[in-house]
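Note sheet for the following structure.
The values are calculated or read from the model by the stated rules, or taken from the named source; none is laboratory data. These figures come from a predicted structure and were not determined experimentally. Virtual Cβ from ideal backbone geometry, glycine too; neighbours counted across all protein chains shown. The area values use the complete protein model at the heavy-atom level, side chains included, leaving out ligands, DNA and RNA. Shrake-Rupley method; radii C 1.70, N 1.55, O 1.52, S 1.80 Å.
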Amino acid sequence: MAELRNVGIIGTGHYVPQKVVTNFDLMKMVDTSDEWIRTRTGIRERRIADENTATSDLAAQAAERAIQDAGIDADDIDMIIVSTVTPDMNFPSTACIVQEKIGAQRAFAFDIEAACSGFIYGLTIAQQFISTGYCDTALLVCADTLSKITNWEDRNTCVLFGDGAGAVVLGAVSEGYGLLSTVMGADGRGGQSLNMPGGGSRMPLSKEVLDKKLNTIHMNGQDIFKFAVKVMAGASIEVLEKCNLKPEDVDFLIPHQANIRIIDSAVKRLSLSYDKVYVNLDKYGNMSSASIPVALDEALKEGKIHKGDVVLFVGFGAGLTWGSAVVRWAK
Ligand code: UT7
């Protein structure tokens, strides 16, 4: 068998809608307070797409920025993966819609659905294709318009989420750089803790589904919280062990941005100092799988990550799913 190639991130980009919705705005919609939201979650505001904007619109903007950052043309892309739980429509895939929008005509394209863990799943999938030489350049876009499936009368969920898109371009990199190891996990037994029960083949859209708002996010927050605290530290340690590294070798951590208390617990378990951790959930809320790549792009643009740095990504989400990845930064 031919030798496997090292695979790394060679370009990043993100895009969030203009419209800002603050905690004070939400106080006019549900029985909540800025204080509750800030102290329980760390979120101050989030971005919300307008009614004419779909997931692929955000995805295409983020993708174009990542392609430009990588210094390539859309024509150079061999494969497009879109991670989303809010596709434009059931089919065709949002990846095909993005392909058309950005003019990446040579690429094959498909969606993945691993909820908030989608960035790690997508990285791992792209790695397999590029390392074996099946293709050279992959575009991974994580994009969601969770506002479209939010019940704006449910204070348990509507304060948590935001819309946005993060994209990365992956390609072959020099030995010793790029993805060092990844971990992915799933436990379908916890599927009921976070789901959108209506609108699929189990419960197609009907007047009853719409009246009961079953086509919106349903969540048992405490179940997800306990699961998240466990897997964030567990998956981080596992992925580091896989490439013979220890938490003290981590130069930068980019965790899924769901709740500051969940991030705090992982940071504490890993004994990391906070200047090595990127947090932007205060301004965006939880953007599902877009959270990590948006944070990555911002961290890079702020000069927080340098060539050779060991960067750890870790996330969790509906499914239940989780994932972690360690990268030695190649750019
Ligand atoms: O990507 C994965 C997505 N999901 C998550 O990451 C969610 C993980 N879970 C969490 O982040 C937390 O569980 C929440 C932020 C969702 C909730 O925080 P909590 O500390 O677990 O609160 P709780 O659910 O135990 O609720 C405490 C109280 C309840 O009132 P009572 O029953 O004690 O009177 C809730 O009804 O807070 C109430 N509450 C609120 N109060 C004001 C729930 N939501 C709100 C709200 N404003 N928005």
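Considering GLY171, GLY122, the condition of being more than 16 Å from the chain's Cα centre (by Cα) and either more than 23 Å from ALA325 (Cβ to Cβ) or open to solvent by less than 10 Å² (accessible area, probe 1.4 Å) (or both) is satisfied by GLY171 alone.
Just name the residue that is surrounded by the fewest Cβ atoms within 10 Å (Cβ to Cβ) out of those in segment 129-139 that are of a type in the set (Ser, Thr, Tyr) and not in a helix (DSSP H, G or I). Looking at the filtered set, the residue picked out is TYR134.
Out of the residues in segment 176-201 that are closer than 20 Å to GLY317 by Cβ, without any contact (Cβ under 8 Å) to a residue 60 or more places away in the chain and assigned to a loop (DSSP other than H, G, I, E, B), state the one that is least open to solvent (accessible area, probe 1.4 Å). This residue is GLY198. Within segment 278-331, can you find the residues that are more than 14 Å from the ligand (Cβ to nearest atom) and among the small types (Gly, Ala, Ser)? Answer for segment 278-331, where residues must be more than 14 Å from the ligand (Cβ to nearest atom) and among the small types (Gly, Ala, Ser): ALA299, GLY303, GLY308, SER324, ALA325, ALA330.
In this structure, does LYS226 turn out to be at pLDDT 95 or above and closer than 24 Å to ARG261 by Cα? Considered against the rule, which asks whether it is at pLDDT 95 or above and closer than 24 Å to ARG261 by Cα, LYS226 comes out as yes. Residues that are touching a helix residue (DSSP H, G or I) at 6+ places or on another chain (Cβ under 6 Å) and in a loop (DSSP other than H, G, I, E, B) within segment 140-175 comprise THR145, THR150, TRP152, VAL159, GLY162, ASP163, listed in sequence order. For first residues located in segment 279-295 and closer than 17 Å to ILE305 by Cβ, partners that are open to solvent by 10 Å² or more (accessible area, probe 1.4 Å) and in a helix (DSSP H, G or I) and lie 6+ apart or on another chain with Cβ distances below 9 Å form the pairs VAL279/ILE260; ASN280/GLU298; SER291/CYS116; SER291/TYR284; ILE292/CYS116; VAL294/TYR284; ALA295/TYR284. Scanning segment 237-272 for residues that are of a type in the set (Val, Ile, Thr), touching a residue at least 40 places away in the same chain (Cβ under 8 Å) and open to solvent by 30 Å² or more (accessible area, probe 1.4 Å) yields one hit, ILE260. Cβ-Cβ contacts under 7 Å between residues 6 or more apart (or on different chains), taken from a first residue in segment 140-160 that is open to solvent by 10 Å² or more (accessible area, probe 1.4 Å) to a second residue that is acidic (Asp, Glu) and within 11 Å of the ligand (Cβ to nearest atom), are listed as ARG155/ASP31.
Take segment 207-236 and flag every residue that is open to solvent by less than 50 Å² (accessible area, probe 1.4 Å) and over 20 Å from the mean Cα position of the chain (by Cα). Explain how you work it out, then say what you get.
If we filter segment 207-236 for residues that are open to solvent by less than 50 Å² (accessible area, probe 1.4 Å), which is where we start, we get 209, 214-217, 221, 224, 227-229, 231-236.
Answer for segment 207-236, where residues must be open to solvent by less than 50 Å² (accessible area, probe 1.4 Å) and over 20 Å from the mean Cα position of the chain (by Cα): VAL209, LEU214, ASN215.
I'd like the full set of residues that are within 16 Å of the ligand (Cβ to nearest atom) and assigned to a helix (DSSP H, G or I), limited to segment 237-266. Matches in segment 237-266: ILE260, ARG261, ILE262, ILE263, ASP264, SER265, ALA266. Within segment 138-190, being of a type outside the set (A, V, I, L, M), within 12 Å of the ligand (Cβ to nearest atom) and in contact with a Leu (Cβ under 6 Å, 6 or more places away or on another chain) holds for PHE161, GLY190. Of the listed requirements (1) out of contact with any Lys or Arg (no Cβ under 7 Å at 6 or more places or on another chain); (2) part of a loop (DSSP other than H, G, I, E, B), LYS307 misses just one: (1).
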